[in-house]
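Bear in mind these aren't lab numbers, they're just calculated from the coordinates by the rules spelled out. The structure displayed is predicted, hence computed values, not measured ones. All Cβ positions, even for glycine, are placed from backbone atoms using ideal geometry, and neighbour counts span all protein chains on display.
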Amino acid sequence: MNVAVASGPSPMMLAHAAVRATARGHLVLYRVGEFYEVLGEDAPLVSRALGLQLTRRRQKDAPDVPMCGIPAGSAEGMVARLLAAGHKVAISEQPPEPGGARPLRLLTPGTTVDDAVLAAGRPNALAVALAAGQAVGFAFIDLSTGETGTLLASLDGSGPALARIGPAEVLIARWPEGSEALAMAVRSQGAPFADLPADPPDAAATAGALAAAYGERWQETLQGFSPPELAALAALLLHIRSTTGRLPEAPLPPRRAPFGDTMEIDAPTLRGLEVLSSASGPEGALLAVIDRTVTAAGARLLTRQLAAPLTSPETIRRRLAMVRFLVGTPPVRVACRDELSGMPDALRACGRLAMGSGGPRDLAAARDALRQATAAAAVLTGTPDTPAPLAATARELAAAGQGACGDLAAVLTRALVPVLPASAEAGGYVAEGHSRDLDEVRRVVTSLMAEIEALQPRYAAETGVKALRIRANNAIGWHVEVPAGQAAALGSGFVLRQGLASTTRFTTAELDRQASALETARERALHLERAAFEELRRRTLAVRAEMARVCHAAAALDLVCGLAQAAAEYLWSEPELDESTGLDIEDGRHPVAEPLLEAQGRTFEPNGCHLGEGSRLWLLTGPNMAGKSTFLRQVALIVLMAQIGSFVPARRARIGIVDKLFSRIGASDDLAAGRSTFMVEMLETAAILNQATPRSLVILDEVGRGTSTHDGLAIAQAAMEHLHDLGCRTLFSTHYHELADAAEAMPHAVCMAMEASAGRRGAVFSYRVVPGRAGRSYGLKVAALAGLPAAVLHRAEQLLAQHSGLSCDHKQDLQ
């Protein structure tokens, strides 16, 4: 007789499939012992992304399944890498109790509040874009801090708007019709993006979502917000609720960002100027050089400021006054930084508490942040002659020790023990004296423990077994343990529980009663402690808005202290800013290249730049490696630094406010969108030519190089003429020396060149910018330095002489 053998997936694989069904679109990390297993179609992707070995999980009655494993101790860093790459991750933990449900955490780049996978000094915003005619409404939230905002931009302004937000993830609620502007902006941002799975909310759904988050009087809270912004904000909130299962508790009121109050910079410009990151690594970016902040909130504020510098001269002057004062008073600067350096990240602590994932340490972070803010305020209030903006900051910080914030700090100080567990489930974090009921139950626990401990000497005396011990473990609970050879000495009152090779374990009715009473008391104590935690959590979130104002004031103080520290370290000077369209930099230096060269024992060559009436456009020519790109970036970075209120690397700088900063430096493609290097160059150049204003600063390097010489030259000259006639300040770098003739005929253009000369052993570059035009390109010299074969160089020299019709003197240089 044939017997049918049941076949199919194992129980574990069925449980894994259930998790995958719950977390659709997520990479599932399934905890098994000391590893997280990644199974099925997720395994090859995670294996490639993290460099893990791809294996297979064997099954008895079903096909093997692809698998890779992540050690539990390495999971945090690897999850962070997956999120940074734009993946969604679902983490399925082992059940806390045998047979219980598996805890599941869903993480996406823009919705995680897990401190283990977030960079402390970088914002982590989730943004929603919703097109409405020729406008786009943006809504964004950093769930980790609760900071929320909206802005309204034109389709062409989508790039700077997204760069200002700096999202970790972008969701599109509605694409515009007949325009690629938003798609280009989203792609150029470099963050993961996707369409929202649901349709954009209608008016009723928008009102419902906003009322659920901000109360029935949400219209008062959001007065002045445009319909596209409100719809985008509602779509954002609905997505958060569907993804995380909840809305943030005690949400901070959204802030509407006026678009004209900051300089417009898009993501390609930020990348080209290496403001926040660089191809050579973090140390090659402006952020790494200028960042002297000592708090996470201050570092995030600096990042946001660099992506959106100020455009109000008065606001900039107020910040410069604070920086100037702190540069001139090192003891005050040092004291403020010392106090701020001990300030925890209360914004993110409150973010976790608001999303239900916080613990006792987050309460302590709120307490300690209020304490440190009060201390920083005392430093400023005790300092004479502080500028008015610093005095205002001191008043905002002093609120940490007053009113509701002061009361909260006092309550948390009394309520929490010095050493705290990470989770509220652990217990043992509420201090004695905070809860009368909890104190009483703890006394009962202590009494019962003493009674159980007293059983050991009594049982040992009654049985004559001196090695008798009373112990507890997770498997059988409290028990009497004796050596196996002496088990017979125990009387009938001892009931066998477990026999091992070297020991035997028993229990008694008396021990069982006391152990049961102890367990009940402990559960009661843990219940009361969790209730106390919930009370403290609610009390903390009740003053979340006031605490956020304190934290923002501390971040602002940290920002200006950091700018002053950098200015003092690098000997930078204070810039002058006005409403003119001029730009006058004397002996400017590149803020990143200069310290890197000094570390190698070399000196950076300073250069000036003077753009104004009669010289609004500089046509810059010169050979490769002579420093053109460095000079272009240097000018743009000095302007950017000045407009965030920083001192600048120059002997003197007077800068007319720049409303938009454009930069086209370097080559890149967008193969995913089917765009060649030249197409990307033309798209970015088109955006500059269409959007620049007379108050803009435009940096263009090698326009037209991606096509034939005649086409490229024609495009470059036409672009140069357009910018000249527009009247914006322009630095136009080129290898087309023919453009110098056109520039000399323009009334507001000047020809400048990178100084170079031919030495006995090759080109000599002084890295100085001088009036005039470059005499030659030195391209063969650079090729020789790069190591091209001698035969190729010799042939190139012949061809150069043939094509140019001139005698060539490169031979000596190439030897």
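Laid out as a table, the results:
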{"read-out": "Projected label distance in nm at GLU598 and VAL495, using a 7 Å step from Cα toward the beta-carbon", "value": "8.0 nm"}
{"read-out": "Region 580-777 shape via C-alpha gyration tensor axes, a/c threshold 1.5", "value": "rounded"}
{"read-out": "Reachable lysines, given that their alpha-carbon falls under 26 Å from the alpha-carbon of LYS466 and they are not under 8 places away in the same chain", "value": "none"}
{"read-out": "Gyration tensor verdict on region 59-210 (Cα atoms; rounded if a/c is under 1.5, prolate if a/b is larger than b/c, oblate otherwise)", "value": "prolate"}
{"read-out": "Loop-located GluC sites (Glu not before Pro) in region 139-206, at most 10 other Cβ atoms within 10 Å (DSSP)", "value": "GLU177"}
{"read-out": "In order through region 423-433: 3J(HN,Hα) via Karplus (6.51 cos²θ - 1.76 cosθ + 1.60), integer Hz, x for Gly, Pro", "value": "10, 6, 6, 6, x, x, 10, 8, 6, 5, x"}
{"read-out": "Cα-based shape type of region 313-403, given that a ≥ b ≥ c are square roots of the gyration tensor eigenvalues and the cut on a/c is 1.5", "value": "prolate"}
{"read-out": "Amide H contacts under 5 Å for VAL28, placed H, 5+ residues apart", "value": "ALA90"}
{"read-out": "Counting all C-alpha pairs of region 537-610, share separated by more than 14 Å (%)", "value": "76 percent"}
{"read-out": "Amide H contacts of ALA753 (H built 1.01 Å from N, under 5 Å, at least 5 apart or other chain)", "value": "THR621, VAL770, GLY772"}
{"read-out": "Eligible lysines near LYS628 by straight Cα distance, threshold 19 Å, same-chain separation 8 or greater", "value": "LYS781"}
{"read-out": "Cα→Cβ-extended label distance, 7 Å offset, between ALA84 and LEU247, nm", "value": "3.4 nm"}
{"read-out": "Label-point separation, HIS710 to SER341 (7 Å along Cα→Cβ), nm", "value": "6.6 nm"}
{"read-out": "Residues MET449, MET547, MET184 arranged by fewest to most Cβ contacts within 10 Å", "value": "MET449, MET184, MET547"}
{"read-out": "Sequence of HIS735, HIS479 once ranked by neighbouring C-beta atoms within 10 Å, starting from the fewest", "value": "HIS735, HIS479"}
{"read-out": "Rounded to whole Hz, the Karplus (6.51, -1.76, 1.60) HN-Hα couplings of region 528-541, x for glycine and proline", "value": "5, 5, 5, 5, 5, 4, 4, 4, 5, 4, 5, 5, 5, 5"}
{"read-out": "Selection of GluC sites (Glu not before Pro), region 528-627, meeting DSSP coil and at most 11 other Cβ within 10 Å", "value": "GLU579, GLU613"}
{"read-out": "Helix-only CD estimate at 222 nm, as mean residue ellipticity for the chain, using -39500 (n - 2.57) per DSSP H run (n ≥ 4)", "value": "-14500 deg cm²/dmol"}
{"read-out": "Per-residue Cβ neighbour rank within 10 angstrom, fewest leading, VAL289, VAL65, VAL639", "value": "VAL65, VAL289, VAL639"}
{"read-out": "Förster radius 45 Å - calculated FRET efficiency between ARG395 and VAL417, Cβ distance, rounded to 0.05", "value": "0.85"}
{"read-out": "Quotient of C-alpha Rg and 2.2 N^0.38 Å, computed over the chain", "value": "1.19"}
{"read-out": "Candidates per trypsin sites (Lys or Arg not before Pro) in region 575-661, loop by DSSP, up to 11 other Cβ within 10 Å", "value": "ARG602"}
{"read-out": "Under Karplus coefficients 6.51, -1.76 and 1.60, residue-wise ³J(HN,Hα) of region 366-378 in Hz, glycine/proline x", "value": "4, 4, 5, 5, 5, 5, 5, 5, 4, 5, 5, 4, 5"}
{"read-out": "For ARG652, residues with placed amide H under 5 Å, excluding near neighbours", "value": "GLU586"}
{"read-out": "Region 460-531, relative contact order [Cα under 8 Å, separation at least 6], %", "value": "23 percent"}
{"read-out": "Net +/- balance of residues flanking ALA743 in space, Cβ distance below 11 Å, scoring K and R +1, D and E -1", "value": "-3"}
{"read-out": "Cβ-Cβ FRET estimate between ALA426 and GLN456, R0 fixed at 35 Å, reported to 0.05", "value": "0.80"}
{"read-out": "Segment ASP439-SER502, length gained on full extension (0.36 nm per residue, minus Cα span)", "value": "18.6 nm"}
{"read-out": "Folded to 0 to 90 degrees: helix 330-341 orientation relative to the chain principal axis, Cα", "value": "40 degrees"}
{"read-out": "Computed E for GLU220/SER580 - FRET, C-beta separation, R0 51 angstrom, nearest 0.05", "value": "0.80"}
{"read-out": "Percent antiparallel among DSSP beta bridges (both partners in the chain, rounded to 5)", "value": "65 percent"}
